[in-house]
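Chemist: There's a structure below that I have some questions on.
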Amino acid sequence: MKKLILPALAVSLLYSCQSKVPSAPPVTTTPPPAAAIPRDFRGEAEKFLREYSETYQKLYTAASEAEWTSNTRIIPGDETNARRTQEANEAMARFTGSEENIKRTRELLEHKDMLDRLQVLQLEAVLFQAANNPQTVPDLVTERIKAQTAQTEKLYGYDYKLNGKSVTTNQLDDILKDEKNLAKRLQAWNTSKEVGKGLKEGLINLRDLRNKTVQALGYEDYFSYQASEYGMSREEMMSLVRKINEELRPLYRELHTYARYELAKKYGVKNVPEQIPAHWLPNRWGQDWSSMVSVKGFNLDNELKKKGSEWQAKQAERFYMSLGFPALPEVFWEKSDLYPLPKTAKYKKNNHASAWHMDLDNDVRSLMSIEPNAEWYETTHHEYGHIYYYLTYTNPEVPVLLRAGANRAYHEALGSLMGLAANQKPFLAGLDLIDPKAKTDDMQLLLKEALNYVVFIPFASGVMTEFEHDLYARDLSPEEFNRRWWQLVSEYQGIQPPNARGEEFTDAATKTHINDDPAQYYDYALSYVILFQLHDHIAKNILKQDPRATNYYGNKEVGEFLRGIMAPGASVDWRQMLVEKTGEELSARAMVEYFAPLMEYLKEKNKGRKYSI
């Protein structure tokens, strides 16, 4: 209610009446029209955002706790966790998607020129959250949450059977990395794909529900919705990831040719196939081939096995602390789930590594199944990158609603950057994980890195992104799920299935992200490009070292550089941040340059060999 402001004349007349002094008849005054009193839109926005953020943080925390339990204690047949998770997510959805909040946010954004920059960013974040949970279609939102909870339980609760015995995904991964018998490899690969059969109907349902949910607030489809968080249209995002793939295609072509011939030799196959059979590769999806190469004097698995999983978990923390970051909070060690379950456990857990910002404050946790080997060594450093990102942008300058990466790819980039740095030869020698005096083949080390980072690009920016684009934006027919998946695998990765893969299979759904982290796998491809841009800058401008042989350990200036990226969270423009920190826009230039010596080496190795992609 507006306060009536009386003019001075009226006030004097009132006083005159009270003192009973005769006067002329009172003058009637008209209050100024409401439009003449300027509204304090900035103050209104501040009040709305403060109240919204308080409720949002409480509901976010409750949902995180429910999700955490659903991922760390999966009991087949027990629906308690699923019910609690569904209820928590529904409460979150009712609030973030409430018609009142949407209406109020839109009203305030109509006057964005009268608001400050952080207020506008927060209001836009509110609308982005609302689009996934609009209570204009409450039944759809509830149904989607229920469907996703059920899909997650089915995915992570699956009992993989190999020769009649239950096995973990870690065990299947070990077989694909080490086994030389092709028949045994095929058994393990086939076992890893069985889970997809039971996920197809759930994926069809989720696709439809996700699309319909965001369409209620004006998005064309769920893929477009996810891309919009970058400030890009679906078409712009697809153009960007295709460009990245093309920039790295010549190097991938050399790696693919090299791998075909080397693997054929390893398995005793005389006629080298044009496409690599999927079970030949050391990864269930062919996204990482690095274990194909072992480098003399560079056997991390042996050294890490001696040190154990707990040393690995603590050493990653020591690395970040050496750069000037604080020790991880006590809650991290108390509540994280870092190691594989004992064989006697009566429940299962999600074995896919992840980092959690439980309350958008200082409760940070990680879910992993750390084993003392090179793969988990890198993964641990990567996941802690997320954790330290959370902790760094949890500061008074960054509102709760903007406690996220500059974009989603930045989060992955910072984690992957530290994984790369922790595997460089000078760094490892400083930790006595390799003998600093031992002679190693540096070209083989570079090859090993390329079989990880470069090989990943066509999977992430090609297969996964194109499949989910077609799934959501083109309403891909369920009768074409598997055909389209393998068509993309062939086109982008040059990989073929080892046996007939009809539509009774849903091999795409065996990749966890398609089920529970949908339509944003390009984040990982973009993150690799960003990480090499950041690493290139650190190596050349801070460390003054060869980018292929760096040692970040103990360098506080590197820590300051990284904090400058982490601390603002999502309160800055991601493009501007990249240009300011590296001097260039998003480009695969640094990545191509990093592997330039390897390109020449592979061309020489592949002379006389037939290229097939």
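The values are calculated or read from the model by the stated rules, or taken from the named source; none is laboratory data. Note that this is a predicted model, so its numbers are computed, not measured. Cβ atoms come from the backbone with ideal geometry, glycine included; neighbour counts cover every protein chain shown.
Chemist: What tally of residues in the stretch 212-243 results from selecting those that are without any contact (Cβ under 8 Å) to a residue 60 or more places away in the chain, hydroxyl-bearing (S, T, Y) and in a helix (DSSP H, G or I)?
Modeler: 1
Here is a yes/no grid of residues against (1) among the aromatic types (F, W, Y); (2) farther than 30 Å from A596 by Cα; (3) at pLDDT 95 or above:
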site: L155; (1), (2), (3): no, yes, no
site: Y160; (1), (2), (3): yes, yes, yes
site: L182; (1), (2), (3): no, yes, yes
site: L248; (1), (2), (3): no, no, yes
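Chemist: Still on this model: Within the stretch 175-190, identify whether any single residue is within 22 Å of the chain's Cα centre (by Cα) and under 26 Å from N71 (Cα atoms), and answer yes or no.
Modeler: We begin by selecting, within the stretch 175-190, every residue within 22 Å of the chain's Cα centre (by Cα); these are none.
There is no residue in the stretch 175-190 that is within 22 Å of the chain's Cα centre (by Cα) and under 26 Å from N71 (Cα atoms).
Chemist: Right, something else. For the condition farther than 22 Å from I514 by Cα, among the polar types (S, T, N, Q) and modelled with pLDDT under 95, what is the one hit in T149, T136?
Modeler: Numbers: T149 fails: farther than 22 Å from I514 by Cα.
Sole residue among the options that is farther than 22 Å from I514 by Cα, among the polar types (S, T, N, Q) and modelled with pLDDT under 95: T136.
Chemist: Right, something else. Any residue in the stretch 199-211 that is in contact with a strand residue (DSSP E or B) (Cβ under 6 Å, 6 or more places away or on another chain), under 30 Å from L162 (Cβ atoms) and either surrounded by fewer than 18 Cβ atoms within 10 Å (Cβ to Cβ) or hydroxyl-bearing (S, T, Y) (or both)?
Modeler: Step one: of the stretch 199-211, the residues in contact with a strand residue (DSSP E or B) (Cβ under 6 Å, 6 or more places away or on another chain) are none.
Checked against the condition, which is being in contact with a strand residue (DSSP E or B) (Cβ under 6 Å, 6 or more places away or on another chain), under 30 Å from L162 (Cβ atoms) and either surrounded by fewer than 18 Cβ atoms within 10 Å (Cβ to Cβ) or hydroxyl-bearing (S, T, Y) (or both), the stretch 199-211 yields no hits at all.
Chemist: Next up: Give me a count of the residues in the stretch 336-362 that are touching a residue at least 60 places away in the same chain (Cβ under 8 Å) and outside any strand (DSSP E or B).
Modeler: 11
Chemist: V592 versus (1) part of a loop (DSSP other than H, G, I, E, B); (2) aliphatic (A, V, I, L, M); (3) surrounded by fewer than 18 Cβ atoms within 10 Å (Cβ to Cβ): which is the lone unmet condition?
Modeler: Going through (1) part of a loop (DSSP other than H, G, I, E, B); (2) aliphatic (A, V, I, L, M); (3) surrounded by fewer than 18 Cβ atoms within 10 Å (Cβ to Cβ) one by one, V592 breaks only (1).
Chemist: Look at the stretch 320-335 and say how many of its residues are on the phi < 0 side of the Ramachandran plot and either touching an Asp or Glu at 6+ places or on another chain (Cβ under 7 Å) or touching a residue at least 24 places away in the same chain (Cβ under 8 Å) (or both). Lay out the reasoning, then the answer.
Modeler: So the first thing to find is which residues in the stretch 320-335 are on the phi < 0 side of the Ramachandran plot, and the list is 320-323, 325-335.
Then drop every residue that is not either touching an Asp or Glu at 6+ places or on another chain (Cβ under 7 Å) or touching a residue at least 24 places away in the same chain (Cβ under 8 Å) (or both), which leaves 320, 322-323, 325-329, 331-332, 335.
Residues flagged as on the phi < 0 side of the Ramachandran plot and either touching an Asp or Glu at 6+ places or on another chain (Cβ under 7 Å) or touching a residue at least 24 places away in the same chain (Cβ under 8 Å) (or both) within the stretch 320-335 amount to 11.
Chemist: Can you tell me how many residues in the stretch 57-71 are touching a Leu at 6+ places or on another chain (Cβ under 7 Å) and at pLDDT 95 or above? Break it down into steps so the answer makes sense when it comes.
Modeler: From the stretch 57-71, those touching a Leu at 6+ places or on another chain (Cβ under 7 Å) are 57, 60, 71; that's our starting set.
Within this subset, residues satisfying the condition of being at pLDDT 95 or above are 57, 60.
Residues flagged as touching a Leu at 6+ places or on another chain (Cβ under 7 Å) and at pLDDT 95 or above within the stretch 57-71 amount to 2.
Chemist: Report every pair of residues separated by at least 6 positions or lying on different chains whose Cβ atoms are under 8 Å apart, first residue within the stretch 556-573 and touching a residue at least 12 places away in the same chain (Cβ under 8 Å) and under 15 Å from N395 (Cα atoms), second hydrophobic (A, V, I, L, M, F, W, C) and surrounded by fewer than 16 Cβ atoms within 10 Å (Cβ to Cβ).
Modeler: none
Chemist: Among the residues of the stretch 307-356, write down those that are among the aliphatic types (A, V, I, L, M) and under 22 Å from the mean Cα position of the chain (by Cα).
Modeler: Within the stretch 307-356, the subset among the aliphatic types (A, V, I, L, M) is 313, 316, 321, 323, 327-328, 331, 338, 341, 345, 353, 355.
Those that are among the aliphatic types (A, V, I, L, M) and under 22 Å from the mean Cα position of the chain (by Cα): A313, A316, L328, L338, A353, A355.
Chemist: Can you tell me which of (1) in a helix (DSSP H, G or I); (2) within 20 Å of R185 (Cα to Cα); (3) touching a residue at least 40 places away in the same chain (Cβ under 8 Å); (4) not acidic (D, E) is the one K265 doesn't meet?
Modeler: Here K265 clears every test but (3).
Chemist: Could you check the stretch 33-75 and list, in sequence order, the residues that are touching a helix residue (DSSP H, G or I) at 6+ places or on another chain (Cβ under 6 Å), surrounded by 20 or more Cβ atoms within 10 Å (Cβ to Cβ) and either aromatic (F, W, Y) or not in a helix (DSSP H, G or I) (or both)?
Modeler: Residue satisfying the conditions is I74 alone.
Chemist: Considering each of A508, A460, A539, A525 in turn, give the residue that is over 22 Å from L420 (Cβ atoms) and among the aliphatic types (A, V, I, L, M). Don't jump to the end; show me each part of the working.
Modeler: Values: A460 fails: over 22 Å from L420 (Cβ atoms); A539 fails: over 22 Å from L420 (Cβ atoms); A525 fails: over 22 Å from L420 (Cβ atoms).
Exactly one residue qualifies, and that residue is A508.
Chemist: Going through L578, L586, L602 one at a time, which residue ends up being in a helix (DSSP H, G or I), aliphatic (A, V, I, L, M), under 25 Å from the mean Cα position of the chain (by Cα) and modelled with pLDDT of 95 or more? Can you show your working first?
Modeler: Values: L586 fails: in a helix (DSSP H, G or I); L602 fails: under 25 Å from the mean Cα position of the chain (by Cα).
Within the list L578, L586, L602, the selection yields L578.
Chemist: Here's another thing I want to ask about it. Return the residue satisfying two criteria in turn: it lies in the stretch 131-152 and is small (G, A, S) and either free of Cβ contacts under 8 Å to residues at least 40 places away in the same chain or under 23 Å from K200 (Cβ atoms) (or both), and of such residues it is surrounded by the fewest Cβ atoms within 10 Å (Cβ to Cβ).
Modeler: Going residue by residue through the stretch 131-152, those that are small (G, A, S) are 131, 147, 150.
Still in the running and either free of Cβ contacts under 8 Å to residues at least 40 places away in the same chain or under 23 Å from K200 (Cβ atoms) (or both): 147, 150.
Values: A147: 19, A150: 16.
Out of the qualifying residues, it is A150.
Chemist: Just checking, which of E110, E99, E87 is touching a residue at least 24 places away in the same chain (Cβ under 8 Å) and either touching a strand residue (DSSP E or B) at 6+ places or on another chain (Cβ under 9 Å) or surrounded by fewer than 18 Cβ atoms within 10 Å (Cβ to Cβ) (or both)? Quick ask: steps written out before the conclusion?
Modeler: Working: E110 fails: touching a residue at least 24 places away in the same chain (Cβ under 8 Å); E87 fails: touching a residue at least 24 places away in the same chain (Cβ under 8 Å).
None of the other options fit; the residue is E99.
Chemist: Please go through the stretch 419-470 and pick out each residue that is among the acidic types (D, E) and part of a loop (DSSP other than H, G, I, E, B). Break it down stepwise before answering.
Modeler: Of the stretch 419-470, the ones among the acidic types (D, E) are 432, 435, 441-442, 449, 466, 468, 470.
Across the stretch 419-470, the qualifying residues are D432, D435, D441.
Chemist: Go through (1) under 19 Å from D507 (Cα atoms); (2) assigned to a helix (DSSP H, G or I) one by one and return the number of the condition D475 breaks.
Modeler: So the condition that D475 fails would be (2).
Chemist: Still on this structure: Please go through the stretch 226-261 and give me each residue that is within 17 Å of K610 (Cβ to Cβ) and either crowded, with 19+ Cβ neighbours inside 10 Å or touching a helix residue (DSSP H, G or I) at 6+ places or on another chain (Cβ under 7 Å) (or both), ordered by number.
Modeler: Hits for the stretch 226-261 are Y252, E254, L255, H256, T257, Y258, A259, R260.
Chemist: Moving on to the next point. In contact (Cβ under 8 Å) with a residue 12 or more places away in the chain, farther than 15 Å from L155 by Cβ and in contact with a helix residue (DSSP H, G or I) (Cβ under 6 Å, 6 or more places away or on another chain): which single residue out of L199, L186, L206 fits that description? Before you say what the answer is, go through the steps one by one.
Modeler: Numbers: L199 fails: farther than 15 Å from L155 by Cβ; L206 fails: farther than 15 Å from L155 by Cβ.
Result of the check over L199, L186, L206: L186.
Yes/no per residue for (1) buried (at least 24 other Cβ atoms within 10 Å of the Cβ); (2) in contact (Cβ under 8 Å) with a residue 24 or more places away in the chain; (3) of a type in the set (S, T, Y):
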residue: H386; (1), (2), (3): no, yes, no
residue: L391; (1), (2), (3): no, yes, no
residue: P396; (1), (2), (3): no, no, no
residue: R403; (1), (2), (3): no, yes, no
residue: A406; (1), (2), (3): yes, yes, no
residue: A413; (1), (2), (3): yes, yes, no
residue: S416; (1), (2), (3): yes, yes, yes
residue: A422; (1), (2), (3): no, yes, no
residue: L428; (1), (2), (3): no, yes, no
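Chemist: Quick check on this structure: which one of R483, R548 is assigned to a loop (DSSP other than H, G, I, E, B) and charged (D, E, K, R)?
Modeler: Sole residue among the options that is assigned to a loop (DSSP other than H, G, I, E, B) and charged (D, E, K, R): R548.
Chemist: Condition check: among the charged types (D, E, K, R), closer than 24 Å to I387 by Cα and in contact (Cβ under 8 Å) with a residue 12 or more places away in the chain. Does E317 satisfy that?
Modeler: On the way: among the charged types (D, E, K, R): yes; closer than 24 Å to I387 by Cα: yes; in contact (Cβ under 8 Å) with a residue 12 or more places away in the chain: yes.
Criteria met by E317.
Chemist: Could you say which residue among V558, V572 is part of a loop (DSSP other than H, G, I, E, B) and either surrounded by 15 or more Cβ atoms within 10 Å (Cβ to Cβ) or not acidic (D, E) (or both)? Talk me through it step by step, then tell me what you get.
Modeler: Working: V558 fails: part of a loop (DSSP other than H, G, I, E, B).
Unique residue meeting the criteria: V572.
Chemist: With the requirement that a residue be closer than 16 Å to T510 by Cα, outside any helix (DSSP H, G or I) and not acidic (D, E), what does the stretch 125-169 give you? Even if it seems obvious, please write down each step before you answer.
Modeler: Of the residues in the stretch 125-169, the ones closer than 16 Å to T510 by Cα are 148, 150-161, 167-169.
Subsequent filtering for residues that are outside any helix (DSSP H, G or I) retains 157-161, 167-168.
Those that are closer than 16 Å to T510 by Cα, outside any helix (DSSP H, G or I) and not acidic (D, E): G157, Y158, Y160, K161, V167, T168.
Chemist: What residue, of V167, V126, is out of contact with any Cys (no Cβ under 8 Å at 6 or more places or on another chain), free of Cβ contacts under 8 Å to residues at least 60 places away in the same chain and not polar (S, T, N, Q)?
Modeler: Details: V126 fails: free of Cβ contacts under 8 Å to residues at least 60 places away in the same chain.
Exactly one residue qualifies, and that residue is V167.
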